[in-house]
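Trainee: One structure is given below, represented as structure tokens, and several questions about it will come after.
The values are calculated or read from the model by the stated rules, or taken from the named source; none is laboratory data. From a predicted model like this one, the values you see are computed outputs, not experimental measurements. Cβ sites come from the backbone with ideal geometry, for glycine too, and all protein chains shown count toward neighbours. For the accessible areas, the whole protein counts, side chains as well, though only heavy atoms, and no ligand, DNA or RNA atoms are used. Shrake-Rupley method; radii C 1.70, N 1.55, O 1.52, S 1.80 Å.
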Amino acid sequence: MTTSPPNLSLAAAPLVLALGAMAWSLPALAFDLPSPWCVGNGGGTFLCSNKEERAELIAKNATLDYLDFVKLAFAADTIQFVPARPGAAPAMTLHRSGGGILDLTSPSSDSVRSRMAMAATDWFRAFCLANAGKAVRYPLNDPVVNVERLACHPKAEAAGASPMFGIQVSRGVVYRAKDQVPVVAMEHLTGTEAILTAWGYPKVFNVGDSAAQGLIVEIKPPLAKVQRTSGDQVSELWVPVKALRPAARQGEGG
């Protein structure tokens, strides 16, 4: 006499799904397959594309403006693209939970948010490379946690003064003011002036460094105290750290 297997209760089903996802996650990462949280529509193009698919999409769209590319690559039912507002916030992609992605505020969501950050970095670096660029990590001149800043600079650039576009990759959860929905917000910037104004020059300035504004004698982010000497007169003033620029070398103007 054979006995049919017992039916799984609805209460046990989520546990079985969770265990299955955990068992599947290691080979998925090893072979660059879509992650377990791509179940449903939460991952979309952003999380669910493997290396080959990512390379194909970038090759077809490498000539796009960076923000137009973001609309294609950072695409999922759980992602909203928010255009830049002149004089205010940069363009953003807001990543929320749903469609197979865990609640972003739960303790178990750390791995998902890390995967989001990794995917954002991968897309950015690949698009930068397709535009004959190099990704440059920017120091955090403001005391921000769970954030990484990358800008794409021309490969032939000698100094760090010509970023083309940039991304602020976040692992932290914020709450959208409109409806208090928890989201992970990625910021996207275009243009040299916008990036240098928002983040400063891509160099860590330390006490004792000479900046264009003077000798740095104290740093208390987001401000730095610089000392200027004119004849016998010495003056000090506080300036934003992100406003610091390297001192001109001998023979350079400015």
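Trainee: What are the pairs, 6+ residues apart or on separate chains, where a residue within segment 95-117 that is within 20 Å of VAL145 (Cα to Cα) has its Cβ under 9 Å from a residue that is part of a helix (DSSP H, G or I) and among the hydroxyl-bearing types (Ser, Thr, Tyr)?
Mentor: Listed pairs, sorted by first residue: SER111/SER25.
Trainee: Separate question: Could you grab me the full set of residues in segment 202-214 that are within 13 Å of VAL239 (Cα to Cα) and either at pLDDT 95 or above or open to solvent by less than 50 Å² (accessible area, probe 1.4 Å) (or both)?
Mentor: In the first step, residues of segment 202-214 are kept if they are within 13 Å of VAL239 (Cα to Cα); the result is 205, 211-214.
If the condition is that a residue be within 13 Å of VAL239 (Cα to Cα) and either at pLDDT 95 or above or open to solvent by less than 50 Å² (accessible area, probe 1.4 Å) (or both), then PHE205, ALA211, GLN213, GLY214 are the ones that fit.
Trainee: Just to be sure I understand, how many residues within segment 190-201 are outside any helix (DSSP H, G or I) and open to solvent by 10 Å² or more (accessible area, probe 1.4 Å)?
Mentor: Going residue by residue through segment 190-201, those that are outside any helix (DSSP H, G or I) are 190-191, 200-201.
Now restrict to residues that are open to solvent by 10 Å² or more (accessible area, probe 1.4 Å): 190-191, 201.
Matching residues across segment 190-201 total 3.
Trainee: Let me ask something else about it. Just to be sure I understand the filter: pairs with C-beta atoms under 9 Å, separated by 6 or more residues or on different chains, first member in segment 168-191 and within 16 Å of ARG113 (Cα to Cα) and of a type in the set (S, T, N, Q), second member open to solvent by less than 60 Å² (accessible area, probe 1.4 Å) and modelled with pLDDT under 90. Which pairs pass?
Mentor: These pairs meet every condition: GLN168/VAL144; SER170/VAL144.
Trainee: Does PRO90 meet the test of being under 22 Å from ALA198 (Cα atoms), without any contact (Cβ under 8 Å) to a residue 40 or more places away in the chain and touching a strand residue (DSSP E or B) at 6+ places or on another chain (Cβ under 6 Å)?
Mentor: Details: under 22 Å from ALA198 (Cα atoms): yes; without any contact (Cβ under 8 Å) to a residue 40 or more places away in the chain: no; touching a strand residue (DSSP E or B) at 6+ places or on another chain (Cβ under 6 Å): yes.
Judged against the criteria, PRO90 is not a match.
Trainee: What are the residues in segment 85-120 that are crowded, with 16+ Cβ neighbours inside 10 Å and β-branched (Val, Ile, Thr), if any?
Mentor: THR93, ILE101, VAL112
Trainee: Here is a further query. In segment 121-154, how many residues are closer than 18 Å to THR192 by Cα, part of a helix (DSSP H, G or I) and either open to solvent by 40 Å² or more (accessible area, probe 1.4 Å) or among the small types (Gly, Ala, Ser) (or both)?
Mentor: Here the count works out to 2.
Trainee: Which of (1) among the hydroxyl-bearing types (Ser, Thr, Tyr); (2) over 22 Å from LYS178 (Cα atoms); (3) over 15 Å from the mean Cα position of the chain (by Cα); (4) buried (at least 16 other Cβ atoms within 10 Å of the Cβ) is the odd one out, the single condition TYR66 does not satisfy?
Mentor: TYR66 satisfies every listed condition except (3).
Trainee: For segment 210-225, does any single residue satisfy the condition of being in contact with a Pro (Cβ under 8 Å, 6 or more places away or on another chain), farther than 13 Å from ASP142 by Cα and not polar (S, T, N, Q)?
Mentor: yes
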